[in-house]
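Visitor: Have a look at this one.
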Amino acid sequence: EQERLKKYKNKEALSKDGKKVEVCGNIGNIRDIESILEYGGQGIGLFRTEFLYMDRDTLPSEKEQFEVYRQVAEKMDGKPVVIRTLDIGGDKELPCLNLPKEMNPFLGYRAIRICLDQPDIFKTQLKAILAASNYGNIKIMYPMVSSVDEVKSANRILWECKKELAKEGKGYSQDLEVGIMVEVPAAVMEADIIAQEVDFFSIGTNDLIQYTIAVDRVNEKVAQMYTPYHPAVLKLIKKTIDSAHQAGIWVGMCGEAAADELLLPFLLGVGLDEFSMSAVSILRIKELLSKWTVEEADEISKRVLKLQSAEKIKKFLLELAR
Ligand code: PEP
Ligand code: MG
């Protein structure tokens with residue numbers, strides 16, 4: 001299968017009628033880069049940085065983080081690399097932060113909330129990313145955003161980091177883009193306002209599904225309710241993209257749904273600009289993109305948005321795929 005798909009490796013990702021989108025890879029450490037490039041990824045749409053903080057008793061230093069971010073930027077050789085700031089809590093635990101057990105960890109002290117509450121940890125990471133931005137096309141992304149105030153606070157801290165770096169005589173890229181993960185319904189509803197503060201969105205469907213349907217993403221008892229085809233999830237995706245495009249910013253998707261073969265014409269139809277996924281899915285998604293024109297995909301997305309249940313939507317998409 002991958003052998004057959006190899007012809008897409010060095011090709012741009014185009015719809016049947018030639019609309020250009022990006023197909024990128026998700027990584028969780030430096031080693032993953034090789035397979036992203038091997039399978040024709042056009043960039044890194046999500047670099048999960050949690051590994052830097054895991055399995056250790058002390059926090060990683062700025063220098064240590066800088067080395068990692070620099071290597072990733074260099075290996076990607078000018079292709080975009082979206083570095084997500086620390087996203088722990090929920091199902092991801094960290095001994096070096098010594099966080100107390102919570103009743104509802106997915107709704108608790110995690111991700112950007114920790115970073116804004118403990119700015120020293122946040123600043124160390126931001127400065128390391130900024131310093132590495134000289135070595136490639138790095139972008140910064142904040143996870144778990146639920147209000148525009150969080151974005152403004154994070155950007156203020158980023159600005160402080162830039163000033164401090166300048167004072168230390170270290171440079172950083174002047175046109176480094178900053179974005180957020182859209183994975184909380186509140187961020188979707190506020191997307192038009194938040195879009196004024198950032199350069200891009202990336203939709204995190206793994207969490208967006210869980211927070212929209214109120215279904216724990218790791219609880220097997222309710223796993224059958226956890227689906228990207230829920231009409232509410234699809235409407236939120238469309239709203240996110242519409243709000244972003246009205247504000248003139250681009251939108252990616254780095255949750256599992258970006259590699260969902262059935263959903264692909266819908267996502268093309270609602271205008272998603274970038275798809276980011278694990279390496280093995282990249283070539284197949286490039287191939288599937290080439291099967292639909294934008295007009296067909298637009299028609300499909302409109303029909304999908306009129307259907308009233310996940311079951312009906314899945315059935316409709318399955319018939320299309322056949
Ligand atoms: C997501 O929530 O969709 C996502 C990409 O982030 P993670 O799976 O790391 O929470
Ligand atoms: Mg998430």
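Quick note: the coordinates plus some simple rules give every number you see, no bench work behind them. The model shown is predicted, which means the values in this text are computed figures rather than measured ones. Neighbour counts run over all protein chains shown; Cβ positions are idealised from the backbone, glycine included.
Visitor: Run Leu272 past the list (1) among the aliphatic types (A, V, I, L, M); (2) more than 14 Å from Ala13 (Cβ to Cβ); (3) not in a helix (DSSP H, G or I) and report the number of the one that doesn't hold.
Guide: With respect to (1) among the aliphatic types (A, V, I, L, M); (2) more than 14 Å from Ala13 (Cβ to Cβ); (3) not in a helix (DSSP H, G or I), Leu272 is out only on (2).
Visitor: Quickly run through the stretch 245-271 and pick out the residues that are surrounded by 24 or more Cβ atoms within 10 Å (Cβ to Cβ) and within 15 Å of the chain's Cα centre (by Cα).
Guide: Result: Val251, Gly252, Met253, Cys254, Gly255, Ala257, Ala258, Leu267.
Visitor: Moving to a separate point now. Taking the criterion of being within 16 Å of ligand 2 (Cβ to nearest atom), closer than 30 Å to Trp250 by Cα and free of Cβ contacts under 8 Å to residues at least 40 places away in the same chain, would at least one residue in the stretch 49-67 satisfy it?
Guide: There is at least one residue in the stretch 49-67 that is within 16 Å of ligand 2 (Cβ to nearest atom), closer than 30 Å to Trp250 by Cα and free of Cβ contacts under 8 Å to residues at least 40 places away in the same chain.
Visitor: Looking at Ala191, Ala232, Ala223, Ala187, which one is under 18 Å from the mean Cα position of the chain (by Cα), more than 16 Å from ligand 2 (Cβ to nearest atom) and either buried (at least 22 other Cβ atoms within 10 Å of the Cβ) or closer than 30 Å to Ile300 by Cα (or both)?
Guide: Every option except Ala191 fails the conditions.
Visitor: Residue by residue through the stretch 83-106, note down the ones that are assigned to a loop (DSSP other than H, G, I, E, B), surrounded by 15 or more Cβ atoms within 10 Å (Cβ to Cβ) and within 16 Å of ligand 2 (Cβ to nearest atom).
Guide: Thr85, Leu86, Asp87, Ile88, Gly90, Leu94 - these are the residues of the stretch 83-106 that are assigned to a loop (DSSP other than H, G, I, E, B), surrounded by 15 or more Cβ atoms within 10 Å (Cβ to Cβ) and within 16 Å of ligand 2 (Cβ to nearest atom).
Visitor: Another question, if that's okay. Would you pick out the residues in the stretch 195-239 that are farther than 17 Å from Pro265 by Cα, part of a helix (DSSP H, G or I), within 15 Å of ligand 1 (Cβ to nearest atom) and not charged (D, E, K, R)?
Guide: Asn206, Leu208, Ile209, Gln210, Tyr211, Thr212, Ile213
Visitor: What is the one condition in (1) within 16 Å of ligand 1 (Cβ to nearest atom); (2) surrounded by 14 or more Cβ atoms within 10 Å (Cβ to Cβ) that Val178 does not satisfy?
Guide: Evaluating Val178 over (1) within 16 Å of ligand 1 (Cβ to nearest atom); (2) surrounded by 14 or more Cβ atoms within 10 Å (Cβ to Cβ) leaves (1) as the failure.
Visitor: Taking Ser309, is it of a type outside the set (Val, Ile, Thr) and farther than 27 Å from Ile27 by Cα?
Guide: yes
Visitor: Related question: Kindly indicate the residue of the stretch 84-133 that is of a type in the set (A, V, I, L, M) and within 13 Å of ligand 1 (Cβ to nearest atom) and also farthest from Gln210 (Cα to Cα) among those meeting that condition.
Guide: Leu86
Visitor: Right, something else. Tell me the residue from Leu283, Leu262, Leu267, Leu288 that is outside any helix (DSSP H, G or I) and not β-branched (Val, Ile, Thr), please. Steps first, please.
Guide: On the way: Leu283 fails: outside any helix (DSSP H, G or I); Leu267 fails: outside any helix (DSSP H, G or I); Leu288 fails: outside any helix (DSSP H, G or I).
Every option except Leu262 fails the conditions.
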